[in-house]
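Report on one structure; see the data block that follows.
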Protein chains: 4
Amino acid sequence: MLSTETPITAQFYDLDPMNVVWHGNYARYLEQARCDLLDALGYNYTEMGASGYAWPIVDLRLKYVRPIRFGQTIVVTATLVEYQNRLKIDYRIRDRDSGEVLTKASTIQVAVALSSGEMQLESPAALTERVEALA
Amino acid sequence: MLSTETPITAQFYDLDPMNVVWHGNYARYLEQARCDLLDALGYNYTEMGASGYAWPIVDLRLKYVRPIRFGQTIVVTATLVEYQNRLKIDYRIRDRDSGEVLTKASTIQVAVALSSGEMQLESPAALTERVEALA
Amino acid sequence: MLSTETPITAQFYDLDPMNVVWHGNYARYLEQARCDLLDALGYNYTEMGASGYAWPIVDLRLKYVRPIRFGQTIVVTATLVEYQNRLKIDYRIRDRDSGEVLTKASTIQVAVALSSGEMQLESPAALTERVEALA
Amino acid sequence: MLSTETPITAQFYDLDPMNVVWHGNYARYLEQARCDLLDALGYNYTEMGASGYAWPIVDLRLKYVRPIRFGQTIVVTATLVEYQNRLKIDYRIRDRDSGEVLTKASTIQVAVALSSGEMQLESPAALTERVEALA
């Protein structure tokens, strides 16, 4: 399956009073990685809009295994794991240097037609054709 | 079980280009509700520190049912559902006026001793005694 | 001049490793106060759009006098100080209990016509008439 | 004077409903650039703490000249302009490709002794010696 790797360095503004990245800020890390994956697929935010669909997140899960600290460089691996009815992406965050797994996560998105506002029960061809072209 | 209700009004800074609250910002809504629940329990962030423990989030799940829009007032209900070995809180976000469910979520926290940095396999008495005093 | 007061309680997610509100988060506090002021004027974000204009921030100044801490309740006073060619708002953030001034700030916004994308050198009647109706 | 350049690509989570970077998010861009400048000086967040001082921001000014859009890569130039009594940094944000100036900004920080919590009227030697060693 399609997979991409996104290196990110934790910034001061990511930290909380425990001197680790605040748990809610991981959603930004995942989004940056997801955008890289969707770029690799040729179906990024701009291309989604042009295809007539928005793809809101309907499910987010995060398992925090080890904290992330100031200045630490992490690598977020995003992997496309479902696409036919919904777009499911799995994430692993690892320390760049040690390779140690720091976080496991997933997101699910569904297509919503921009014209009608209706949620699609099957993924539109704009997505499925791009994924199948990679096979 | 102990439960609290926190009203929040969605702000402009919460919104994304789809004109709805960006999915990552819900972590702030949940945290505000969690702090109200922990205040009601007499075991907030300050009291946690005084008891010798930090309680990092180790698991976060969010199911986005309906979007939240600019100026919409929501009510976040936080309910304590587990406390003996870890602190699990369930959340329901509803529209204040219609009562419609907008989001379902949960968080899990575990105690980490501030002195040793060690994760506790059982919740310390500082938590369990407070919960049991409510029964 | 028109003035409004907005109480806000500092949340855990606002804090940085120094255990005070991170300086960049004050932009959210100011925006919440600005929205209250614009509501009082009958010219909020929705009404701006309906009038055919967006009002981007073109200038932001913040003077941090004293830090804001976890759980502290502040009151943000927003005062309209210019409106004819641009919308200038001054802010004072005070501790709710002591009245002590914690922060001084200002923002400047200019009208941009949504149809042409052009910045307006004079404020449109949609704003000036509302302000003058208050006199 | 010491100057550094930090390239940053605007992310989806940076955007507001106008489809441009929300004005409050620029504080993150400036901080990332400031950290690069302080790294170049050998006086970053960790080294500040080791020297016995925190350096809170006491003044922030931002002039928004042109908006920043999704996927746009900007370069933030940070320049040290004062250091003897306080640490003042000027910023220019430019479009990486066209070189067009998008934003002008500045921050002022002062030293606060970690032991006493007292603001210093002169910059401690930990900063001035590092700056003067560059001359």
Practice item. May I ask for log10 I(q)/I(0) of segment B:5-51 at q = 0.28 Å⁻¹, from a Debye sum over the Cα atoms as equal point scatterers with solvent left out? Key: -0.97
Exercise for review: Answer with one residue from B:ILE57, B:LEU2, B:MET18: the one whose Cα lies farthest towards the positive end of the charge dipole of chain B, charges on Cβ with Lys, Arg +1 and Asp, Glu -1.
Suggested key: B:MET18
Revision key, fill the gap. Total charge of the residues flanking B:TYR13 in space, meaning their Cβ is under 12 Å from its Cβ, with Lys and Arg +1 and Asp and Glu -1, is -2
Practice item. Count charges around C:HIS23 for me, please; just the other residues with Cβ under 10 Å from its Cβ, Lys/Arg as +1, Asp/Glu as -1. Key: -3
Check your understanding: Comparing D:THR46, D:THR107, D:THR73, which has the greatest mean-square fluctuation in the GNM of chain D with Cα pairs linked when under 10 Å apart?
Key -> D:THR46
Study note, to complete from the structure: Given all pairs of distinct Cα atoms, segment B:92-134 yields a Kirkwood Rh in Å of 13.5
**Study point:** Listed pairs A:LYS63/D:LYS104; A:LYS88/B:LYS104; A:LYS104/B:LYS104; A:LYS63/C:LYS63; C:LYS104/D:LYS63; D:LYS63/D:LYS88 exceeding 28 Å between Cα atoms
**Key:** A:LYS63/D:LYS104; A:LYS63/C:LYS63
Practice item. In whole angstrom, note down how far apart the Cα centers of segment D:30-59 and segment A:28-99 are. Key: 31
Study note, to complete from the structure: From DSSP H assignment alone, runs of 4+ in chain A each adding -39500 (n - 2.57), the sum over residues rounded to the nearest 500 puts [θ] at 222 nm at -7000 deg cm²/dmol
Review point. In Å and whole numbers, how far do the C-alpha atoms of chain B stretch along each principal axis, longest first?
Key: 45, 30, 22
Review point. So what is the diffusion coefficient of the protein assembly as shown in µm² per second by Stokes-Einstein at 25 °C and 0.890 mPa s, using a Kirkwood Rh over Cα pairs?
Key: 99
Exercise for review: Rounding to the nearest 20 debye, state how big the charge dipole of segment B:75-135 is about its Cα centre with +1 on each Lys and Arg Cβ and -1 on each Asp and Glu Cβ.
Suggested key: 140
Point to revise | Given chain C, longest segment not containing exposed loop GluC sites (Glu not before Pro) (DSSP; at most 13 other Cβ within 10 Å) | key: C:1-99
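Taken together, the values in this text are just the output of simple stated rules run on the coordinates, not laboratory data. Every value quoted in this text rests on a predicted model; they were computed, and no experiment measured them. Ideal geometry is used to build each Cβ from the backbone, glycine not excepted, and the neighbour counts take in all protein chains shown.
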